[in-house]
Amino acid sequence: MQESTKTSNVQEQGGAMNAHPLSRMEASSSDLVKEFVNHVDTQRYLIILEDLSSMAQWDTIMSYLPDKKNGSRIVVSTQQLEIASLCMGKPYQVSELRQFSADHSVWVFFKEESREHTKGFRRDEVVYRNRPSFAQDVINNCFLVGRDTEMKELDKLIGLPLDSSQGKSNVVPVCGDDGVGKSSLVRTVYNHYVANNRGMFNMFVWVNVSHPFNLMDFSQSLLLDMHLEPPYSGRIYRDAFQAEYDAIKLCKEVLKERQCLVVVAGLQSKNDWDTINNELVSAGTYANCIIVITTEESVATHCAASSGRVCNVKPLDAAVALDLFRKVFPFGSSLNENMIEQAKPLLSKCDGVPKRIIALASYLGPLANRPRETQERERKRLNDNFKHEVTMAKCDSFLSIFTSISSSFDACPHLLKKCIFYLSIFPENKMIRKRHLVRRWIAEGYSKGIGSCSLENDAEKLFNKIAELGMIQQAQQPITETDVIRKVSWQVNCLILEYIISWQTEEKVLLPLEVSVLEGKCSLTTGRVGQHLAIRKCWEGDEFMFNSMDFSRLRSLTVFENWKPFFISEKMRVLRVLDLEGTPNIKNGDLDQIGDMIPRLKFLSLRRCTPISQLPDSMGELRQLQTLDIRYTKIITLPKSIINLRKLQYIRAGETTPGPEEMNEEPYRPRRTRILHTLLSYSPKSSRRGSPTCHGIKAPKGIGRLTNLHTLGVVYANIAGGESILRELSYLTQLRKLIVSGINGNNSWGLFNISWHALTNLTSLSMGLTKGSDKHLLQFLELPEKLQRLKLYGHVAKLPKHIGRLDNLTKLTLQMTTLFTMEDIQELGKLKRLHTLRLRFVVTDNDNSGEIKFCAKVDSSSTRVSSTAPAFFDELNTLEIACRSSIHVSFLDQMIKLEQLKVDCSYGLSLDFTGLEHLISLNQVVLKGSPSDGCDCDAFKEALKQKLAQHPKQPPLKQEQKFRPGQ
């Protein structure tokens, strides 16, 4: 292409020149004008006009530059926004090219082009937008590594239709940690809509929320970013600084008359959103979409019409984080596999946050071309004292994070600071259960409530505050207790640990609390242990070194995996917490003197200490004990002395998953586990020592004296005297959670003799029936009215007759040996607050096929829903189904709030669904677990995908893998 480029500086040089910029040229040199006109008529050109100041100039210039439709281009530079918009004509698009300050930005206006756009997102599609430099553009694209799923999800949420109960405008909150790439993600999708408008929107606005928030300032920023044409534009620029100018009113008018895609970036509080929503968003139309970017998940949930409309941008998993690290490692620096392996410990400190990964790569880049010994020495120094090294290196990305952490920490009250420092007990990447930490804090005295209930609530509030500050966060992979149980887990933010450790090193006084850690070959130089001692798996110390330490102030001892019998000392007289969870080499005799050595103990956890099969009799001396956790051990009997511990509040033992005697078929287990389970089941010795078939503990007579108990389980009732044990439960009036297994016809009278009306605080109940139980066993059981969670498992054939009267029930898990009747469905549909329903069907009838029809009421003469049908599953949000029989599940349009459907593959894939398109709020379908042998998983997925494709919202089908030990 032959291209001609001309630059003209249009300035005011008298009235004549101002009116006709080319007239003087024409008068003095008509030949030059003719040559110019001929040139632009026959050639493609690029002409740049600088300092255009009036539309009169533009009209005159354009008379010499007719549009020949040959691809010629004119670039106009002007300081007047209205002139820029009028030069373009309609329709046009606007993009911010660069922002130098709050009051100084460069914008580019360009015409919309009618063309066929490719489907999906291309990162180079609108590279001219928001691109101050090539380096910055590369970094912005790096934030998108591994974000294809999130981009598709956000695009889908933008186009998601609303119903009348969800407000007028479609609000899509995007939340995530600082530096996780929220803005880059939203900017990419936003630019895609600007460049490839599908007719959904005719206005695009991006506005940052100022702090402190001011609605008038927000409205003015919103209007300025709208680049309105007359008549709105004249009002904005004429009256922007006049008292009568009402930006809020004008914003309402525009949002009501236009179809707007608005991005509200940097929202920090619910109150700010309520103001924006009430004054502006609610005045808009259904055609508007508001994308809210915030770091607070609670704020995002508050903004959204429903939980399914929140786009949560999570940190990258380890594999994607490593991929990003490779891509952003500085050019010219050699990166080999050995260096990558050495960098992985440092990479874990970035917590999967792209901004930190990019900063780390920039920091390590210069080391790549240095000698290997120097590289290893520098990386070790960085790993050992991360905060100090990045501070000395002035690494801005990490410095800003540590500054933010310090600011947040300084603003915390003293008690919260103690809880934050307490987190340094746990090593990096350690999975932590919320309940576990809450019970420890209660024993430490951090909770100031009155009574066991308020103590736990107060400790949970402390945990939630720390989580809100981002100092502890949900782990990407949940804890796996067994091969069939998954729990929500948390991890301490790696940089928080670095901050706490550095503070303990740098500050010798005024620490909220002292945590001593034994690891490697280290020993305490002063010999004096702090209030809390953590012994890591790798500690190589001996008994002499340990006994030389001063334990006079020790309040908690936490051992990670590597147990030694001398760890308990009679010098630990003020010890409150003994946490031995997951130590595989502990033996029964190691705890024989526990009651004599540490009589003030309040918290004892032997969870997953698998060799332990009995508790010592000296347990009866622990008169201050509040928490006893012995789950996943071989302990099947509590010692008789346990009834002397009148301050006990929490006892967890056994397993909560049903055993073979409570199920008619084996639960899914890996092959190696199934073989081991079979051997144990037939071993008399293993049965005496706590075979996995027990799934509970034998409570001693007198258990009813522990009147402070609020959590008890699993109590195994299928023993001699089991009926009397069940009757004693009536005296535990403080119970809030109760788990009972082994219920059958022999002990059922004990179940019916429980004074359920006396258990006024009971909110969670789980009952397991053994094989051979009367199918009508639970039918006439009167359940406590305040129940919020109910689980019935094992040989359950009939539901309690009046289960529909439990108005407070929010979660219900049922494991049935028969399919639901229409009466069962209608009774369950009466549960006004039911949010989660989990169903497991292990059908024992000869006919292993059937149908479950979710509908309120069906006419006897047809399959149509009656027009007079009552309210039906009004609040149900999540439905989970598993079945080993061939069952047809059909839905009608009654479950209007159902957003998530889960199918458990480990129970087989014999389910067939119809009517999914009637679940109007369905956001996703999840396949859980690993398919059992012989299942055609691919065929099931394909059939389910075809049915979901007919749904108006086309919800995605996701696979949720089952995590097992060792994974």
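At a glance:
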item: Cβ-Cβ FRET estimate between Asn70 and Asn196, R0 fixed at 30 Å, reported to 0.05; result: 0.75
item: Order by protection proxy (mean Cβ within 10 Å, highest first), peptides 66-75, 319-328; result: 319-328, 66-75
item: Inter-part distance where segment 294-353 and segment 750-779 are each reduced to a Cα centre, Å; result: 47
item: Within-9-Å neighbourhood charge of Gly702 [Cβ basis; K, R +1; D, E -1]; result: +2
item: Where Lys448, Lys270, Lys434 fall by accessible area, highest first, once all protein chains stay in place (1.4 Å); result: Lys448, Lys270, Lys434
item: Charge tally in the Cβ shell below 12 Å around Gly541, where Lys, Arg are +1 and Asp, Glu are -1, Gly541 excluded; result: -1
item: Estimated distance in nm for a label pair at Lys430 and Met55, the labels positioned 7 Å out from Cα along Cα-to-Cβ; result: 7.1
item: Members of Lys897/Lys947; Lys418/Lys647; Lys434/Lys928 lying beyond 21 Å, as alpha-carbon distances in this model show; result: Lys418/Lys647; Lys434/Lys928
item: Nonlocal amide H pairs with Val843, under 5 Å, H built at 1.01 Å; result: Arg884, Ser885
item: Charge tally in the Cβ shell below 11 Å around Met597, where Lys, Arg are +1 and Asp, Glu are -1, Met597 excluded; result: -1
item: Asp774 accessible area, 1.4 Å probe, all protein chains in place, Å² to nearest 10; result: 90
item: Accessible-area value, Leu916, 1.4 Å probe, nucleic acids and ligands omitted, Å²; result: 0
item: Sequence-distant residues sharing a close amide H with Lys798 (under 5 Å, placed H); result: Leu778
item: Rounded to the nearest 10 Å², the accessible area of Glu297 at probe 1.4 Å; result: 110
item: Ranking by accessible area, most exposed first, for Glu942, Glu444, Glu257, Glu378 with a 1.4 Å probe; result: Glu257, Glu942, Glu378, Glu444
item: Exposure rank, largest accessible area first [Phe463, Phe36; 1.4 Å]; result: Phe36, Phe463
item: Contour excess over end-to-end distance, with Cα ends at Asn457 and Gln959 and 0.36 nm allotted per residue; result: 177.2 nm
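The values are calculated or read from the model by the stated rules, or taken from the named source; none is laboratory data. The structure presented is a predicted model; accordingly, all values stated were derived computationally and were not measured. All Cβ positions, even for glycine, are placed from backbone atoms using ideal geometry, and neighbour counts span all protein chains on display. We work out accessible area using only protein heavy atoms, side chains counted, and drop any ligands, DNA or RNA first. Shrake-Rupley method; radii C 1.70, N 1.55, O 1.52, S 1.80 Å.
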